[in-house]
Amino acid sequence: MVAEHQSPSQAVIEPPVIKTLSGQAASAHADTLARLRIEVFREWPYLYDGSEAYERNYLTTYFQCPQSLILVAWAGQQIVGASTALPLADADPDMQAPFIQAGLSLTEWLYFGESVVLPEYRGLGLGVGFFAERESHALSLGLRYCTFCAVERPNDHPARPRHYFGNERFWENRGYLPMDLRCHFGWPDIGSDATTDKPMRFWKRELPEGV
């Protein structure tokens with residue numbers, strides 16, 4: 001899932017800096033990262049009504065995977081963004097299933113988890129930086145492809161902002177193309193007590209040498 005590339009809503013005094021954290025170091029910030037994820041994914045198109053307990057448990061997969069990548073963006077002492085990745089072979093089985101069904105080898109792919117950035121720090125290059133760092137990580141692991149998935153919502157959804165522009169052009173400019181692969185994840189939308197499945201479409205890029 002991705003939620004990272006929009007224009008800044010206000011001036012930022014201190015530019016953020018991206019740092020790579022080990023799983024152990026990142027786990028010390030688990031509560032902050034969980035709250036950040038919940039705050040950002042409450043926005044369209046995810047409308048995610050999440051819980052800190054679920055998010056901390058979800059992040060544990062990245063904290064414990066030796067080949068994961070955990071990027072944290074800092075503005076001074078404040079965490080204002082974060083991004084994750086891990087080999088698809090170590091990802092959740094629900095993420096792996098569409099690739100297995102399509103006859104694709106899991107061992108060639110780096111899966112991008114989520115990128116989240118606070119609204120006032122968007123449009124400052126963090127999205128580009130997160131992609132570049134994860135692509136470099138894929139090459140360091142000898143992986144050929146990068147992939148992520150993003151929720152698909154109908155254009156006539158009543159909660160869709162009137163002037164919303166998605167991330168598709170940004171992804172395409174990074175060399176990513178949509179795949180004919182989808183998975184489904186369930187979560188409760190804001191204002192609803194019911195958990196409903198959402199289609200998540202995969203995007204991919206084949207990495208050239210020397211990214």
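The values are calculated or read from the model by the stated rules, or taken from the named source; none is laboratory data. From a predicted model like this one, the values you see are computed outputs, not experimental measurements. Positions of Cβ are generated from backbone atoms using ideal geometry, with glycine treated the same way; all protein chains shown enter the neighbour counts. Note: accessible area is taken over every heavy atom of the protein model, side chains too, but ligands, DNA and RNA are not part of it. Shrake-Rupley method; radii C 1.70, N 1.55, O 1.52, S 1.80 Å.
Data for the structure
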{"read-out": "Cross-chain or 6+ apart pairs with Cβ under 6 Å, the stretch 151-173 first and of a type in the set (S, T, N, Q), then surrounded by 11 or more Cβ atoms within 10 Å (Cβ to Cβ) and part of a loop (DSSP other than H, G, I, E, B)", "value": "ASN167/HIS5"}
{"read-out": "The stretch 164-185 - residue that is among the acidic types (Asp, Glu) and closer than 25 Å to ASP94 by Cβ and, of those, nearest to the chain's Cα centre (by Cα)", "value": "GLU168"}
{"read-out": "Hits in the stretch 51-68 - residues which are open to solvent by less than 60 Å² (accessible area, probe 1.4 Å) and either charged (D, E, K, R) or closer than 22 Å to ASN167 by Cα (or both)", "value": "GLU55"}
{"read-out": "Given (1) open to solvent by 30 Å² or more (accessible area, probe 1.4 Å); (2) under 20 Å from ARG182 (Cβ atoms), index of the condition ALA91 fails", "value": "(1)"}
{"read-out": "Where a residue in the stretch 102-120 is assigned to a helix (DSSP H, G or I) and its partner, wherever it lies, is open to solvent by 10 Å² or more (accessible area, probe 1.4 Å) and modelled with pLDDT under 95, with Cβ under 8 Å and at least six apart", "value": "PRO119/GLN6; PRO119/PRO8; PRO119/SER9; GLU120/PRO8; GLU120/SER9; GLU120/GLN10; GLU120/VAL12"}
{"read-out": "Residue in the stretch 192-209 that is farthest from TRP44 (Cα to Cα), counting only those that are in a loop (DSSP other than H, G, I, E, B) and either in contact (Cβ under 8 Å) with a residue 12 or more places away in the chain or touching an Asp or Glu at 6+ places or on another chain (Cβ under 6 Å) (or both)", "value": "GLU209"}
{"read-out": "Residues within the stretch 23-72 that are assigned to a strand (DSSP E or B), of a type in the set (Ser, Thr, Tyr) and more than 18 Å from GLY191 (Cβ to Cβ), tallied", "value": "0"}
{"read-out": "Close pairs (8 angstrom Cβ cut-off, 6 or more residues apart or separate chains): of a type in the set (Lys, Arg) in the stretch 1-28, at pLDDT 55 or above and surrounded by 17 or more Cβ atoms within 10 Å (Cβ to Cβ) anywhere", "value": "LYS19/LEU71; LYS19/VAL72; LYS19/ALA73"}
{"read-out": "Single match in HIS163, HIS184 (criterion: in a loop (DSSP other than H, G, I, E, B) and open to solvent by 70 Å² or more (accessible area, probe 1.4 Å))", "value": "HIS163"}
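Condition check ((1) in contact with a helix residue (DSSP H, G or I) (Cβ under 6 Å, 6 or more places away or on another chain); (2) open to solvent by 30 Å² or more (accessible area, probe 1.4 Å)) across all residues:
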{"residue": "ALA82", "(1), (2)": "yes, no"}
{"residue": "MET95", "(1), (2)": "no, no"}
{"residue": "LEU106", "(1), (2)": "yes, yes"}
{"residue": "ARG122", "(1), (2)": "no, no"}
{"residue": "LEU126", "(1), (2)": "no, no"}
